[in-house]
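For reference, the structure I am asking about is given below.
The values are calculated or read from the model by the stated rules, or taken from the named source; none is laboratory data. These numbers were taken from a predicted model, which means no experiment stands behind them. Cβ atoms come from the backbone with ideal geometry, glycine included; neighbour counts cover every protein chain shown.
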Amino acid sequence: MTVGACILGCSGTVLTRDERAFFAEAQPWGFILFARNIGAPDQVRALTGALREAVARADAPILVDQEGGRVQRLGPPHWPRRPAAGDFARLRDLASTPDLVRLGARLLAHDLAAVGIDVNCLPVLDTPDPGAHRVIGDRAYGGDPDVVAVLGRAAAEGLIAGGVLPVVKHIPGHGRARADSHEVLPVVEASLDELAARDFVPFRALSDMPLAMTAHVRFAALDRRRPATLSRRTIRAAVRGAIGFDGLLISDDIGMKALSGPLEARARAARVAGCDVVLHGAGDLGGMREVAAGAGRLGGASARRARAALARRPRAPEPFDARESQARFDAAFGGRFAA
């Protein structure tokens, strides 16, 4: 069965009849959930089951943005408030911080796997530059790219240990952006040498990860016309070249205002540029139809990368005592994020 080269959302906490019919026809590679889709654990579990049933693929990946801090789709009262990446970076005991980041990600994976979510859009590997827009801010593991790399790998390994695949983002780097790509297209004027010495460092260190998400940022040193998501030159020279990432490349949400034009054209352009899969999260049927048409089917190297990514999911999570782990985590943060 060939699948669509797209990841799509849905409108609410249950699938509508029209959504079921559309997903059965379009066969998106995967799905993504947002806060509008999240109620109680039993409801989320039923929804993830219904999404996979709609495409008749038990291994269809289901994504979420569960970073902690400002970006947390599953939250109180059913799930604990989780720390942002910056909260880890501010801990005094830096020697033990990677272990704590891994533990925090393992707890996230435990939460997600219990409701059928098997891909988390974490870690954020952007290295914020002084003066950059706060859209990244404390979502990053600090301003030192080497530290970002170490803590980012710890997070990725914690997720994988819990049976959840990580998505590194936003490749090749959103840290210098002076604008929020949800609203406008940021333009970065740094030279290629400057980008390679700072922005690319964490992504290069984690280039072995199975999944990455693009940045809707235009890098003038690589392409003066197109943002990375739509730029064949940026993807070839930076993502696949200087960084050396050969995993599945997912676009950031193509409904964001950094991009322009009809959704079908955006999706087609992202695929032509080198994105393996196009993501659209709004959950409206009209938009999803456009995206599915523009993204086309998954084949060739993209299909190979997709298979390789899903093969990275462990057959079973590593042994884990959730209660004891949560107690250790709470103690490290002085109870600020107690379950």
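Any residue in segment 240-249 that is surrounded by fewer than 23 Cβ atoms within 10 Å (Cβ to Cβ) and either among the acidic types (Asp, Glu) or closer than 27 Å to residue 16 by Cβ (or both)?
Yes, segment 240-249 has at least one match.
Would a scan of segment 304-317 turn up a residue that is of a type outside the set (Lys, Arg), part of a loop (DSSP other than H, G, I, E, B), surrounded by 15 or more Cβ atoms within 10 Å (Cβ to Cβ) and within 26 Å of the chain's Cα centre (by Cα)?
yes
Further, regarding this structure: For residues that are surrounded by fewer than 15 Cβ atoms within 10 Å (Cβ to Cβ) and outside any helix (DSSP H, G or I), scanning just segment 321-339, find the one that is modelled with the highest pLDDT.
321
Still on this structure, I have one more. Filter segment 267-288 down to residues that are in contact with a Ser or Thr (Cβ under 9 Å, 6 or more places away or on another chain), surrounded by fewer than 24 Cβ atoms within 10 Å (Cβ to Cβ) and farther than 20 Å from residue 64 by Cα, then give me how many there are.
Residues in segment 267-288 being in contact with a Ser or Thr (Cβ under 9 Å, 6 or more places away or on another chain), surrounded by fewer than 24 Cβ atoms within 10 Å (Cβ to Cβ) and farther than 20 Å from residue 64 by Cα: 4 in total.
Then there's this: Among (1) among the charged types (D, E, K, R); (2) assigned to a helix (DSSP H, G or I); (3) within 28 Å of residue 81 (Cα to Cα), where does residue 290 come up short?
With respect to (1) among the charged types (D, E, K, R); (2) assigned to a helix (DSSP H, G or I); (3) within 28 Å of residue 81 (Cα to Cα), residue 290 is out only on (3).
Of these, 254, 235, which one is in a loop (DSSP other than H, G, I, E, B), crowded, with 18+ Cβ neighbours inside 10 Å and among the hydrophobic types (A, V, I, L, M, F, W, C)?
Exactly one of 254, 235 is in a loop (DSSP other than H, G, I, E, B), crowded, with 18+ Cβ neighbours inside 10 Å and among the hydrophobic types (A, V, I, L, M, F, W, C), namely 254.
Search segment 238-251 for residues being hydrophobic (A, V, I, L, M, F, W, C) and outside any helix (DSSP H, G or I), and hand back the single one that is nearest to residue 216 (Cα to Cα).
The selected residue is 250.
Scan segment 115-136 and give yes if some residue there is assigned to a helix (DSSP H, G or I), out of contact with any Asp or Glu (no Cβ under 6 Å at 6 or more places or on another chain), buried (at least 23 other Cβ atoms within 10 Å of the Cβ) and in contact (Cβ under 8 Å) with a residue 24 or more places away in the chain, otherwise no.
No, there is no match, as no residue in segment 115-136 is assigned to a helix (DSSP H, G or I), out of contact with any Asp or Glu (no Cβ under 6 Å at 6 or more places or on another chain), buried (at least 23 other Cβ atoms within 10 Å of the Cβ) and in contact (Cβ under 8 Å) with a residue 24 or more places away in the chain.
From 288, 213, 256, which residue is more than 18 Å from the chain's Cα centre (by Cα) and within 30 Å of residue 20 (Cβ to Cβ)?
288
Could you grab me the full set of residues in segment 105-137 that are charged (D, E, K, R) and at pLDDT below 95?
Listed by number, the residues that qualify are 129, 134.
Can you name every residue in segment 20-50 that is closer than 15 Å to residue 60 by Cα, surrounded by 14 or more Cβ atoms within 10 Å (Cβ to Cβ) and touching a helix residue (DSSP H, G or I) at 6+ places or on another chain (Cβ under 8 Å)?
Answer for segment 20-50, where residues must be closer than 15 Å to residue 60 by Cα, surrounded by 14 or more Cβ atoms within 10 Å (Cβ to Cβ) and touching a helix residue (DSSP H, G or I) at 6+ places or on another chain (Cβ under 8 Å): 20, 23, 26, 27, 28, 29, 31, 33, 47, 50.
Going by the structure shown, is residue 89 over 18 Å from residue 329 (Cα atoms) and not aromatic (Phe, Trp, Tyr)?
Spelling it out, it is not the case that residue 89 is over 18 Å from residue 329 (Cα atoms) and not aromatic (Phe, Trp, Tyr).
Now for a separate question. When the residues of segment 217-232 are narrowed to those that are out of contact with any strand residue (DSSP E or B) (no Cβ under 7 Å at 6 or more places or on another chain) and not charged (D, E, K, R), which ends up surrounded by the fewest Cβ atoms within 10 Å (Cβ to Cβ)?
221
Name the pairs: first residue in segment 220-233 and under 13 Å from residue 186 (Cβ atoms), second residue buried (at least 17 other Cβ atoms within 10 Å of the Cβ) and hydroxyl-bearing (Ser, Thr, Tyr), Cβ to Cβ under 6 Å, at least 6 apart or on different chains?
Hits for this filter: 228/214; 228/234; 229/214; 229/251.
Within segment 270-287, which residues are in contact (Cβ under 8 Å) with a residue 60 or more places away in the chain, within 22 Å of residue 227 (Cβ to Cβ) and part of a helix (DSSP H, G or I)?
Result: 271, single match.
With respect to residue 191, determine if the residue is within 25 Å of residue 259 (Cα to Cα), polar (S, T, N, Q) and surrounded by 17 or more Cβ atoms within 10 Å (Cβ to Cβ).
no
Could you tell me whether residue 102 is of a type in the set (Lys, Arg), over 14 Å from residue 138 (Cβ atoms), assigned to a helix (DSSP H, G or I) and modelled with pLDDT of 95 or more?
Answer is yes for this residue.
Checking the structure you have, find out if any residue of segment 174-193 is of a type in the set (D, E, K, R) and part of a strand (DSSP E or B).
Within segment 174-193 (the criterion being of a type in the set (D, E, K, R) and part of a strand (DSSP E or B)), the answer is no, since none of the residues qualifies.
Do we have any residue at all in segment 167-181 that's touching a Gly at 6+ places or on another chain (Cβ under 8 Å), modelled with pLDDT of 95 or more and crowded, with 24+ Cβ neighbours inside 10 Å?
Yes: one or more hits.
Still on this structure, I have one more. Residue 225 fails exactly one of the following numbered conditions: (1) in a loop (DSSP other than H, G, I, E, B); (2) in contact with an Asp or Glu (Cβ under 7 Å, 6 or more places away or on another chain). What is the number of that condition?
Unmet for residue 225, out of (1) in a loop (DSSP other than H, G, I, E, B); (2) in contact with an Asp or Glu (Cβ under 7 Å, 6 or more places away or on another chain): (2).
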